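A single structure is presented below for examination.
The values are calculated or read from the model by the stated rules, or taken from the named source; none is laboratory data. These numbers were taken from a predicted model, which means no experiment stands behind them. Virtual Cβ from ideal backbone geometry, glycine too; neighbours counted across all protein chains shown. Quick note on the areas: whole protein, heavy atoms, side chains included, nothing else; ligands and nucleic acids left out. Shrake-Rupley method; radii C 1.70, N 1.55, O 1.52, S 1.80 Å.
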Amino acid sequence: QGTSRNEMGSYDIGATDCVNISFINVDQYENEETGETITNRFMYHGVMGSNFCRNVVMDSCYLDRFDSHQGLHNARITNSTLGFGILVIGGGELYIENVTRISGDTFVHLRGDYNSVFDGNLIIKNCKMKKSVVTVLNGTWRSFYNGLPNYVVRNIVIDGLETENDVIYIYNISGAVKSAVNDSVNKLYLPDSIKVSGVVA
């Protein structure tokens, strides 16, 4: 916790090939005197980045982002406030409960630099999206083969979501081409099921 700035520097915490890693009660750049909040991605690069980690937990945190660059398998984000975003690639279960997203335009972003795939389930319970956040799930389809099935999440469950917008989008995957060749490189698997309840605007 502190007030000094790291202008677009490296991540303060990096994790690679870790199993059962937890971030509990971690605060970033909260200045009670000035009321400074995490709203500008260009002010702070981010506190957390990971590669090939399994069973990642973030609870009761106030951070710029949850960022898993490659190979995430299972993550649980609860009771937290996040600024720029939740960025993931991988699979398993991404469980998010009682989380407020305060900046950016997307609640969960599938990283485009690794083809925006997540072979697993997205569960969102009792969360909040501020005015600028208009899409629940976002990604960029780049149509290249990375050795993984090209899933844009297998199942989406939203059970309780408060938004400041009249209209929100469940998911938006840009770059997908309907006429692309249906092979292992180009085939994009959209969610098998989407269940939505308790959305309040």
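Out of the residues in region 57-76 that are in contact with a Cys (Cβ under 8 Å, 6 or more places away or on another chain) and either in a strand (DSSP E or B) or modelled with pLDDT of 90 or more (or both), which is most open to solvent (accessible area, probe 1.4 Å)?
Once the filter is applied, the top-ranked residue is His73.
Something else about it: How many residues are modelled with pLDDT of 95 or more, of a type in the set (A, V, I, L, M, F, W, C) and farther than 13 Å from Arg101 by Cα when one looks only at region 112-139?
2
Pull out all pairs, ordered by first then second residue, where Cβ-Cβ is under 9 Å, the residues are six or more apart or on different chains, the first lies in region 4-33 and is more than 16 Å from Gly71 (Cβ to Cβ) and at pLDDT 70 or above, and the second is assigned to a loop (DSSP other than H, G, I, E, B) and of a type in the set (Phe, Trp, Tyr).
Filtered contacts from region 4-33: Gln28/Tyr44.
Could you run through region 140-170 and say how many residues are under 18 Å from Leu94 (Cα atoms), modelled with pLDDT of 90 or more and under 16 Å from the mean Cα position of the chain (by Cα)?
Residues that pass the stated criteria total 8.
When the residues of region 83-100 are narrowed to those that are part of a strand (DSSP E or B) and under 10 Å from the mean Cα position of the chain (by Cα), which ends up nearest to Asp192 (Cα to Cα)?
Leu94
Take the residues in region 82-91 that are open to solvent by 10 Å² or more (accessible area, probe 1.4 Å) and free of Cβ contacts under 8 Å to residues at least 40 places away in the same chain; name whichever of them is nearest to Val136 (Cα to Cα).
Leu87
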